[in-house]
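Okay, structure first, notes after.
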Amino acid sequence: MNNNITERERKVIQLYKEGYLQSEIAKEVRMCRKTVSKILKDNDVPKYTKTIKCNWCDKEVTTEYRHQESCSMKCRTAYNKQRYKNNETYHVEQICIECKGSFFGYNKRMYCSGKCQSAEMKRKATRRSLAKRLTKALDTNRHKTCTHCDSYFYAHTISKTFCSEECYRTYLTDTKVRVSYNHKCRECGKHYTNNYKRSAGCSDKCKGRYSNRRDETNRRNKLRENGKIDWDISVERLSKRDKGLCYLCKSKTNLNDYTYDSNGYFIAGDYYPSVDHVLPVSKGGTHTWDNIKLAHRICNSLKSDNSISNKHKQLELMI
C-alpha cells in the first residue's frame, strides 16, 4: 500500500476492510463510486472475502459476495423451495403478459421466461422507432424544394437542400468557379497547376517521396533532442552482435527475406531484421548501442512504441 495517501483515502480503505459496500462508502465519504474503486485498486487493497455456512448443506465456503448464503445455485434453489413450500403468496399461478401462458414462481413476475421479455422489449423498441419516424415525417421543416431542379422532396436531415447527389453535382458545376493555383513540386522542383490551395507534389510518386523525407527528418530531429547518437549502427552489425536472433519472439531473422518491385525499390519481408529501440524514441529513447536490439520487421511493427512489458497480444502468441 502507498504510504503517501490522504486522510480521505485512508478512510475509504478502512471502511472497505470493515465490510462496507463500495456504494455505501461513496455515500459516507461523499464521492463517486468509481473513485472509491480506483482508490482501492491503486492501493492494491485485496478483495473483501468472508466464510459462510451454506443454509442447505452446511458446507463452509469462502466468497466475496456480501449477501451470499448458499454454496451453489443448486443449494439455493432447494432452500428456496423448502422455505416457500407452504407460503401461497410466493407460490401462486401467474399469467405472462407476452404469451398469456400460466406459470408458477416464488416472486411476482410479468414474464414467464427471458425469451418473452426479450420479445416484449423488441416490440417496444420497434414502436419507439416508428414513433420517431412518424414525428419526423410530420415535421414541416423537412418538406423542402430542391435548390437546383425545384422539385418537392422530403429531407432526412434539416440542412439538406438538394433532392439528390446528381442535382448537387450539377449545381456545383454550373455555379461554382474553380480557382487554379500554381505550385512548385517540393520533391522534383517542377512547376504545375491544380485546384488545391495546399499541394506538396506534382504526382503521387513525388508526394510519397516528400512525405517519407519529411518523416525521416522529423525522426532524426527527435533523435538529436534525445541525446547522443551512434551513427555507426546498422542492421548487419546489429545482426552480428545479437547472433541473428529476434529478442521479441526468440527466433532467427532472415537477411534474404526481401524483394524488388518493378521500379527497383527494395521491399523488406516480415522476417527481415530491423533495429528496435528498447525505450522508444517517442518516449525519450536514444539511438545508441545500449538501447537497441535486433527484431523481426513484423515483430517491431507489432510492438510499435510500447514498452516490452506492455507488448501486444500478437507477440505473446508468437513467442
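The values are calculated or read from the model by the stated rules, or taken from the named source; none is laboratory data. What you see is a predicted model; the values in this text were computed from it and never measured. FYI the Cβ positions are ideal-geometry reconstructions off the backbone, even for glycines, and counts take in every protein chain you see.
Can you tell me how many residues in segment 153-174 are assigned to a strand (DSSP E or B) and out of contact with any helix residue (DSSP H, G or I) (no Cβ under 7 Å at 6 or more places or on another chain)? Walk me through it before giving the result.
Here is the first cut: in segment 153-174, the ones assigned to a strand (DSSP E or B) are 153-154.
Right, trim to out of contact with any helix residue (DSSP H, G or I) (no Cβ under 7 Å at 6 or more places or on another chain) and you get 153.
Number of matching residues: 1.
Among the numbered conditions (1) part of a loop (DSSP other than H, G, I, E, B); (2) of a type outside the set (A, V, I, L, M, F, W, C); (3) free of Cβ contacts under 8 Å to residues at least 24 places away in the same chain, tell me where G285 comes up short.
So G285 meets the others, but not (3).
Of the residues in segment 283-310, how many are among the hydroxyl-bearing types (S, T, Y) and either in contact with a helix residue (DSSP H, G or I) (Cβ under 7 Å, 6 or more places away or on another chain) or at pLDDT 85 or above (or both)?
Keep residues of segment 283-310 that are among the hydroxyl-bearing types (S, T, Y), which gives 286, 288, 301, 304, 307, 309.
Next, only the ones that are either in contact with a helix residue (DSSP H, G or I) (Cβ under 7 Å, 6 or more places away or on another chain) or at pLDDT 85 or above (or both) stay: 286, 288, 301.
Within segment 283-310, residues that are among the hydroxyl-bearing types (S, T, Y) and either in contact with a helix residue (DSSP H, G or I) (Cβ under 7 Å, 6 or more places away or on another chain) or at pLDDT 85 or above (or both) number 3.
N256: in a loop (DSSP other than H, G, I, E, B), out of contact with any Leu (no Cβ under 9 Å at 6 or more places or on another chain) and on the phi < 0 side of the Ramachandran plot, yes or no? Step through it out loud before you land on a result.
Numbers: in a loop (DSSP other than H, G, I, E, B): yes; out of contact with any Leu (no Cβ under 9 Å at 6 or more places or on another chain): yes; on the phi < 0 side of the Ramachandran plot: yes.
Spelling it out, N256 is indeed in a loop (DSSP other than H, G, I, E, B), out of contact with any Leu (no Cβ under 9 Å at 6 or more places or on another chain) and on the phi < 0 side of the Ramachandran plot.
Search segment 13-32 for residues that are at positive phi and free of Cβ contacts under 8 Å to residues at least 60 places away in the same chain and pair each with any residue that is acidic (D, E) and surrounded by fewer than 15 Cβ atoms within 10 Å (Cβ to Cβ) when their beta-carbon atoms are under 9 Å apart and the residues are at least 6 apart or on different chains.
none
For segment 64-83, how many residues are assigned to a helix (DSSP H, G or I), among the charged types (D, E, K, R) and at pLDDT below 85? Walk me through it before giving the result.
Within segment 64-83, the subset assigned to a helix (DSSP H, G or I) is 73-83.
Next, from what is left, pick out any that are among the charged types (D, E, K, R): 74, 76, 81, 83.
Retained after the next criterion (residues that are at pLDDT below 85): 81, 83.
Looking only at that region, the number is 2.
For segment 48-58, which positions are assigned to a loop (DSSP other than H, G, I, E, B), closer than 26 Å to S23 by Cβ and modelled with pLDDT of 85 or more? Please lay out each step first, then the result.
At the first step, the residues of segment 48-58 found to be assigned to a loop (DSSP other than H, G, I, E, B) are 48-49, 54-58.
Retained after the next criterion (residues that are closer than 26 Å to S23 by Cβ): 48-49, 55.
Once the filter is applied, which keeps residues that are assigned to a loop (DSSP other than H, G, I, E, B), closer than 26 Å to S23 by Cβ and modelled with pLDDT of 85 or more, segment 48-58 yields only N55.
Contact list please: Cβ distance under 9 Å, first residue in segment 217-240 and on the phi > 0 side of the Ramachandran plot and modelled with pLDDT under 90, second residue hydroxyl-bearing (S, T, Y) and surrounded by 14 or more Cβ atoms within 10 Å (Cβ to Cβ), pairs at least six apart or on different chains.
Here the result reads G227/T286; G227/T288, each pair linking segment 217-240 to a residue that is hydroxyl-bearing (S, T, Y) and surrounded by 14 or more Cβ atoms within 10 Å (Cβ to Cβ).
Test of understanding: among E187, E216, which residue is under 35 Å from the mean Cα position of the chain (by Cα) and outside the structural domain of D276 (by TED's automatic domain parsing)?
Details: E187 fails: under 35 Å from the mean Cα position of the chain (by Cα).
Only one candidate passes the filter, namely E216.
Would you mind telling me which numbered condition in (1) touching a helix residue (DSSP H, G or I) at 6+ places or on another chain (Cβ under 6 Å); (2) surrounded by fewer than 16 Cβ atoms within 10 Å (Cβ to Cβ); (3) within 30 Å of C185 (Cα to Cα) G201 fails?
(2)
Considering each of V61, V36, V45 in turn, give the residue that is of a type in the set (V, I, T), within 30 Å of the chain's Cα centre (by Cα) and outside any helix (DSSP H, G or I).
V45
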